[in-house]
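Trainee: Let me begin by handing over the structure; questions about it come next.
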Number of protein chains: 2
Amino acid sequence: MMETEFLLASNNAHKHQEFVRLFPGIRVLMPRDMGIEFDFDETGDTFLENAFGKAMALFQTAKRPVIGDDSGLCVRALGGEPGIFSSRYGSGAGGVPLEAPRRNAYLLDRMEGIQDRAAYFVCCLVLVLEESRFISVQETVHGRIAEGPRGEHGFGYDPLFIVPGHEKTIAELPDQVKDQISHRGLAARRILASIRGEG
Amino acid sequence: MMETEFLLASNNAHKHQEFVRLFPGIRVLMPRDMGIEFDFDETGDTFLENAFGKAMALFQTAKRPVIGDDSGLCVRALGGEPGIFSSRYGSGAGGVPLEAPRRNAYLLDRMEGIQDRAAYFVCCLVLVLEESRFISVQETVHGRIAEGPRGEHGFGYDPLFIVPGHEKTIAELPDQVKDQISHRGLAARRILASIRGEG
């Protein structure tokens with residue numbers, strides 16, 4: 001059985017747009033489309049725990065297939081920061097998350113004078129099909145942190161992340177190219193293959 | 001990139017046989033084939049935590065793709081027991097696990113006089129590809145507990161689990177039929193589709 005509709009465990013419209021592109025043939029709904037108010041505290045220690053927690057929390061309410069995502073940027077010279085705290089980086093514990101441009105500026109400040117720019121993007125997706133049935137994929141893409149933000153596409157840390165081979169930031173790449181090489185694109189294709197290949 | 005070799009995070013020869021069948025085209029090795037002594041304490045609260053823990057523990061040693069499995073039988077009338085304790089059921093905390101026939105007899109004793117025989121088999125597989133890349137699938141198959149053990153195929157709780165539609169225990173079905181319908185067969189096919197469909 002091929003699923004034809006997922007509920008996305010996120011209120012982020014940018015993320016939703018990306019999921020609509022990444023899952024052709026599948027209707028990706030947001031919680032508000034179902035009249036559900038969705039809120040989730042990311043208290044996990046790993047991307048998997050957070051992605052699983054989001055997906056399962058929404059599944060318990062909606063009782064239909066839900067996809068959860070937890071993603072982040074890990075910078076080697078910062079010991080893996082911001083990592084699972086990517087969306088809250090620079091806002092202090094319990095603070096209101098910064099807008100992406102200010103968060104990116106905060107990260108660049110922390111990287112000032114640091115030669116080692118190596119970093120990787122992680123995306124963990126969890127598709128909950130039923131109470132005790134799920135598919136999860138975590139993908140990682142290696143690259144490096146730019147000296148300053150570049151490009152207008154994408155969202156989040158995309159303007160800071162240079163992809164080897166392209167020598168551009170993800171935000172400088174058109175969506176179709178981004179989707180081919182991004183952490184979320186790779187993970188999404190594995191999920192798609194997995195649901196299509198059920199036989 | 002299609003993986004062509006996995007290390008199985010288990011010392012169970014029956015399980016290994018099943019994985020060899022379920023992953024055609026992939027060489028499935030056991031820890032001892034690599035000269036690795038593998039031991040893992042199943043301390044997780046979920047099948048996923050245990051499967052992930054096993055796979056990651058072996059990956060840290062072997063530094064090559066590892067597949068971990070945690071599976072179990074959940075009986076509705078027993079509040080989901082034995083569940084994640086399936087392999088240790090009836091042996092007491094810290095005790096030596098019982099052989100399957102004695103464990104099955106213990107379960108049947110606990111079910112004596114209970115009309116509700118509903119149960120389900122769960123299998124969680126985790127394939128760790130690299131440090132921060134993995135695929136995980138959990139599948140569930142519903143059925144019911146037989147009045148007594150039947151059949152000579154399979155292993156573990158297979159002689160007790162009646163599959164609806166077939167009206168036979170899993171141990172009464174030939175391997176090829178079992179693999180089509182079993183919790184582990186379903187999960188394995190999704191993993192296979194996912195690694196083949198990477199594009």
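The values are calculated or read from the model by the stated rules, or taken from the named source; none is laboratory data. Predicted model only: the values in this text are computed from it and were never measured. Here the Cβ positions follow ideal geometry from the backbone for every residue, glycine too, while neighbour counts run over all protein chains shown. Accessible surface is based on the protein model in full, side chains and every heavy atom, while ligands, DNA and RNA are left aside. Shrake-Rupley method; radii C 1.70, N 1.55, O 1.52, S 1.80 Å.
Trainee: Which condition does B:A55 not pass, out of (1) assigned to a helix (DSSP H, G or I); (2) within 14 Å of chain A (Cβ to nearest Cβ); (3) out of contact with any Gly (no Cβ under 9 Å at 6 or more places or on another chain), if it passes all the others?
Mentor: That leaves (3) as the condition not met.
Trainee: Could you check how many residues of the stretch B:48-86 are closer than 27 Å to B:L160 by Cα, among the charged types (D, E, K, R) and open to solvent by 10 Å² or more (accessible area, probe 1.4 Å)?
Mentor: 4
Trainee: May I ask you to list the residues in the stretch B:143-172 that are open to solvent by less than 30 Å² (accessible area, probe 1.4 Å) and either more than 17 Å from the chain's Cα centre (by Cα) or within 14 Å of chain A (Cβ to nearest Cβ) (or both)?
Mentor: B:G143, B:I145, B:A146, B:G148
Trainee: Going through A:Q115, A:Q180, A:Q176 one at a time, which residue ends up being over 30 Å from A:E5 (Cα atoms), out of contact with any strand residue (DSSP E or B) (no Cβ under 9 Å at 6 or more places or on another chain), of a type in the set (S, T, N, Q) and open to solvent by 20 Å² or more (accessible area, probe 1.4 Å)? Step through it out loud before you land on a result.
Mentor: Numbers: A:Q180 fails: over 30 Å from A:E5 (Cα atoms); A:Q176 fails: over 30 Å from A:E5 (Cα atoms).
None of the others qualify; the one that does is A:Q115.
Trainee: Is there a residue being under 15 Å from the mean Cα position of the chain (by Cα), of a type outside the set (A, V, I, L, M) and outside any strand (DSSP E or B) anywhere in the stretch A:65-82?
Mentor: no
Trainee: Any residue that is assigned to a helix (DSSP H, G or I), closer than 23 Å to B:I195 by Cβ and more than 18 Å from the chain's Cα centre (by Cα) - is there at least one of those in the stretch A:101-123?
Mentor: No: zero hits.
Trainee: Let me ask something additional. Looking at A:L129, A:L186, which is the one that is open to solvent by 30 Å² or more (accessible area, probe 1.4 Å) and out of contact with any Ser or Thr (no Cβ under 7 Å at 6 or more places or on another chain)?
Mentor: On the way: A:L129 fails: open to solvent by 30 Å² or more (accessible area, probe 1.4 Å).
Residue meeting the stated conditions: A:L186.
Trainee: Report every pair of residues separated by at least 6 positions or lying on different chains whose Cβ atoms are under 7 Å apart, first residue within the stretch A:32-49 and on the phi > 0 side of the Ramachandran plot and part of a loop (DSSP other than H, G, I, E, B), second of a type in the set (S, T, N, Q) and loosely packed, with under 12 Cβ neighbours inside 10 Å.
Mentor: none
Trainee: Hey, another quick one. Among the hydroxyl-bearing types (S, T, Y) and modelled with pLDDT under 95: which single residue out of A:Y106, A:Y89, A:Y157 fits that description? Give the derivation first.
Mentor: Working: A:Y106 fails: modelled with pLDDT under 95; A:Y157 fails: modelled with pLDDT under 95.
From the options A:Y106, A:Y89, A:Y157, the qualifying one is A:Y89.
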